[in-house]
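Below: the structure, in structure tokens.
The values are calculated or read from the model by the stated rules, or taken from the named source; none is laboratory data. Please read these numbers as outputs of a predicted model, since none were measured by experiment. Counting neighbours? That spans all protein chains shown, and the Cβs are built from the backbone with ideal geometry, glycine included. Surface accessibility is based on the protein's heavy atoms, side chains included, excluding ligands, DNA and RNA. Shrake-Rupley method; radii C 1.70, N 1.55, O 1.52, S 1.80 Å.
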Amino acid sequence: MPPTTRPSPVREILAAANAVILGKSTQTRLALCCLLARGHLLIEDLPGVGKTTLAHTLARLLGFQFSRVQFTSDMLPADILGVSVFDREQSSFRFLPGPVFAQVLLADEINRATPKTQSALLEAMEEGQVTTEGETRPLPEPFFVIATQNPSSQIGTFPLPESQLDRFLLRIDLGYPDHDAERSLLESGGRREQLPTLAARLGAGEFALLQRQAAAVHVSPALLDYLQLLVEATRKEQRFVHGLSPRAALSLLAAARAWAFTGGRAMVLPEDVQAVLPAVARHRLRLVSGSHADAEDIALLIRSVPLA
Amino acid sequence: MRARPPAALEHGAVPWLLVVALATAGPHAEHLPAWLTVLVAAALLWRTWLWHQQQRMPPRWSLALLVIAAVAAIGWQFGSLFGKDAGVAMLVLFMALKPLEMHNRRDALVVIMLGYFLLLTHYFYSQSIPTGLWLLAACTLLTGALLRLHGGAQPVIAIARDAGLLLLQALPFMLLLYLLFPRVTGPLWGLPQDAHAGLSGLPSQMSPGSISNLTLSGAIAFRSRFAGEIPEQADLYWRGPVFDEYDGVTWRASRQHGRSPAPAPVIEARGPAHDYSSILEAHNQRWLLALDVPTRLPPDSSLAATLEAQSREPLRIRSRFSFSSVLDYRVNRMEAPASLQQALTLPPQGNPRTRALASEWQSRPPARIAEAALAMFRQEDFHYTLRPPLLGADAIDEFLFDSRRGFCEHYASAFVFLMRAAGVPARVVAGYQGGELNPVDGYLTVRQSDAHAWAEIWLADEGWLRIDPTAAVAPSRIEQGIVAALPAGEPLPGIIRLDADWMRDLRNRWEAANNTWNQWVLGYNPQRQREVLSRLGWPDPDWRSMTALLAVLCGLALLLVALWTLPGRRRDDPVQRAWQAYCAQLGRRGIVRADWEGPLDFAQRVAREKPELATLTSEAARHYAELRYGEGDGDSDGEPLRRLQQCVQRLPPQRRRRI
């Protein structure tokens, strides 16, 4: 299993994404993994580090219909889900679908909206359908939400509650670009101009195939042993208020499979679990001190569980 | 081979190490020169400030200068850099200065190891219960610091719990070592200072004030436990030195007893024997303070002609002795003429009024003479006090006819003088009288404040007969103890005059705990060890078999711990074995796989750090990953396994390590 046997569409998508978002190859790969594992993605970082660009880039490269909502504190659920208006010509109500009816919904600064609006979106994420005025309408397939949020310590935000954070498969940070990446950014100007020029790398149905392949990556009993030990360790560890839930364990497995798949491997290794664990666990584990677990906490956790 | 750069020291771990330095070096301030204490405090404060301000550490040359100056000062102060005090001073100095050059984790480990070592040195100075508790806490702290160093930031409570758990796991080993480690005679650490400091006890000669001064101390002289009933308070005369020579001021033991072996005393028991054992505090004398009169003595001791039990060597450490005594007896009805002569000798001059009084009585039978003297004490205006007036040249005269105020030594001394002047053989006996039962552990506690002096006269039919003139003056001294006998204003030590019941109870408990500690921890000597082991069913252990059993039991305990903590490693999986063998080989070549590190990650790290092994390791890792995590589950005897096993053999032979 030489390291260059990444499935070619995956390789292409990642290469193209990394040409736009410089120096963040781990984060773009995690983002892709999240979509391959049929999960929603939460990107948390300061404004201006390229959250929106990443979401937008992925949507274009995968050939998905894309819509974007900038969340604000005065936004109402109808602004996302859609609204029925009276059509005089047909003298009946006509449903105007909101931005949620897209394959990739970029929910920008989701923690600026009020909890009511947030929960409207999160319901749609969970159910894959929208119910307004007694009528249920299915959302497109696939349907992904890529939400971004500013660190909740910033003023004027409504932090997402634990139960809603749990609906995001992965949460990633972007962080500042390194020196070289920032230099090329400064030299070549902002990245948003490049977005319209990006061509889709996948045809219709191809992404669904990739998802099926990712879900079929082999998992051995030894790997499950290890994964369970890790999850149990979060439950035993005194530093965390709660451990990871069974749903989180499923998420961890799905993400690790996708990570192995994007690495061109037909089986999941402990390394894959370790690679996705921070993105899976950090927003789900709260420390006794009140803050969410940071990268160091997860590293310690990994070090505390020996490979049998 | 290049060494890896040492791991950096986390900022958050520094306070732990500073507290470690404080906890291990701080208590030494008590016996270190003041300048060193100030230096230590300054160095630690400086480091704390540097930590708080996130400042750079002082340059090396300035630290070097500081160390040289401080070491020179220690050498000048102690006259040496070695030996107990100077050595401890050096260690404390290092402990205070090392944090100032603490840059990486290795330095921090040095601080912690130094801390563990410094802990032990506290036992040079004190082996009391508070010291033990303090050191236990400090040991937990050190272990916690070690955990913090390796485990990263965690809540203090979690670290404390883990450290406590680690120490608890050490408990079985501690108990095994305690029980079975072959003991040497004498304390393990050489003599701690508090074994010699303030050794007090009965004086080896008696002049006015020598017993009453001793009475001012509430310190414990000895503690006794009786096998049966405790005798009446008034019968508890613990015999110390016998004084039969008087020079007008001071009573002392005549030299004849020391020199020629006097005939053994003849004791006729007239009552039951009492068995008891005493734990004597060190007093640097030979007498063992047996109850009058001992009939059975502990080994290595003898009974002097004057009936005091004596050990062969002066008592320099706290020791335990068993005796048997009869309280109703006749002794030496046929006394040697030389002894009787000695018991009649007075200085040629002095105390004419007393001699005149005695000559009035001379014609009476000896028993009547003693009664007359006691009647005088009882009927005339004599007082029992700790604060008698000072007496001049004719001390006995002044006491008997003028001041009439005195402590037991005055009464005993005056009585014996009177007897001798009237022709009755008599001598002074010093010792302790009474004792207080500690209900917590059933020991009778005898303190320095119970020190007493009384008299013995010799009658032809009776032998030596104890007469306590103090009892004539202050009967309550003998019946109820010194607190009852002395009026409230007398300067008795507070510890024996506790009024509140709870304070008395607290003191009793504390002393009982100390006694247990002294006997079982400090006094666990070869003899005690043999007793314990024979009670456990091992009649005659020698040090060889004890060591062997110790090794076997420790091994077993380790094995149990291993079985308990390493359940995952017991599985006998050839794939795991082969991979672990490969990793172990790499470990010997200087690159150790962390136990959480996956195979491909490890191979990548090897490629970075040891490029010459990259290809082989990557191959081994791929085989292992395929075998363990791939689809061919359970196919462990196929070709891939053989290839993985071959990787171990294909490793290039080890180069000799450069130093």
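Summary table
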quantity	calculated
Residue within segment A:200-223 that is away from every other protein chain (no Cβ under 14 Å), over 15 Å from B:Tyr629 (Cβ atoms) and among the aromatic types (Phe, Trp, Tyr) present	yes
Set A:Leu269, A:Leu244: member being touching a residue at least 40 places away in the same chain (Cβ under 8 Å) and within 14 Å of chain B (Cβ to nearest Cβ)	A:Leu269
Candidates A:Glu206, A:Glu193, A:Glu187, filtered to the one that is touching a helix residue (DSSP H, G or I) at 6+ places or on another chain (Cβ under 8 Å), surrounded by fewer than 15 Cβ atoms within 10 Å (Cβ to Cβ), not small (Gly, Ala, Ser) and not assigned by TED's automatic domain parsing to the domain that holds A:Ala293	A:Glu206
Residue match in segment A:228-244 (condition: crowded, with 16+ Cβ neighbours inside 10 Å and within 20 Å of the chain's Cα centre (by Cα))	yes
Output for segment B:295-329, where each listed residue is open to solvent by 30 Å² or more (accessible area, probe 1.4 Å), polar (S, T, N, Q) and more than 19 Å from B:Leu202 (Cβ to Cβ)	B:Thr295, B:Ser322
Subset of segment B:358-396 [small (Gly, Ala, Ser), farther than 12 Å from B:Ala472 by Cα, surrounded by fewer than 19 Cβ atoms within 10 Å (Cβ to Cβ) and modelled with pLDDT of 85 or more]	B:Ser359, B:Ser363, B:Ala367
Tally, over segment A:122-158, of residues that are open to solvent by less than 10 Å² (accessible area, probe 1.4 Å) and over 24 Å from A:Gln27 (Cα atoms)	2
All positions within segment B:451-484 that are assigned to a helix (DSSP H, G or I) and open to solvent by 20 Å² or more (accessible area, probe 1.4 Å)	B:Ala471, B:Val473, B:Pro475, B:Ser476, B:Glu479, B:Gln480, B:Val483, B:Ala484
Tally of residues being outside any helix (DSSP H, G or I) and not basic (Lys, Arg) across segment B:395-413	2
Any pair with Cβ under 8 angstrom, 6 or more apart, that starts in segment A:123-142 at a residue that is without any contact (Cβ under 8 Å) to a residue 24 or more places away in the chain and within 22 Å of A:Ala208 (Cα to Cα) and ends at one that is loosely packed, with under 11 Cβ neighbours inside 10 Å and not charged (D, E, K, R)	A:Gln129/A:Thr136
Of residues in segment B:150-180 being out of contact with any helix residue (DSSP H, G or I) (no Cβ under 8 Å at 6 or more places or on another chain) and within 11 Å of chain A (Cβ to nearest Cβ), the one farthest from B:Val14 (Cα to Cα)	B:Arg161
Cross-chain or 6+ apart pairs with Cβ under 8 Å, segment A:285-308 first and within 8 Å of chain B (Cβ to nearest Cβ) and farther than 21 Å from B:Phe602 by Cβ, then assigned to a loop (DSSP other than H, G, I, E, B) and open to solvent by less than 20 Å² (accessible area, probe 1.4 Å)	A:Val288/A:Arg239; A:Glu296/B:Gly152
Test result for A:Gln211, assigned by TED's automatic domain parsing to the domain that holds A:Asp166, surrounded by fewer than 22 Cβ atoms within 10 Å (Cβ to Cβ) and assigned to a helix (DSSP H, G or I)	yes
Options B:Ala512, B:Ala584; residue that is away from chain A (no Cβ under 14 Å), over 27 Å from B:Ile129 (Cα atoms) and part of a helix (DSSP H, G or I)	B:Ala584
Segment A:248-283: number of residues that are more than 18 Å from B:Arg628 (Cβ to Cβ), open to solvent by 30 Å² or more (accessible area, probe 1.4 Å) and modelled with pLDDT under 90	1
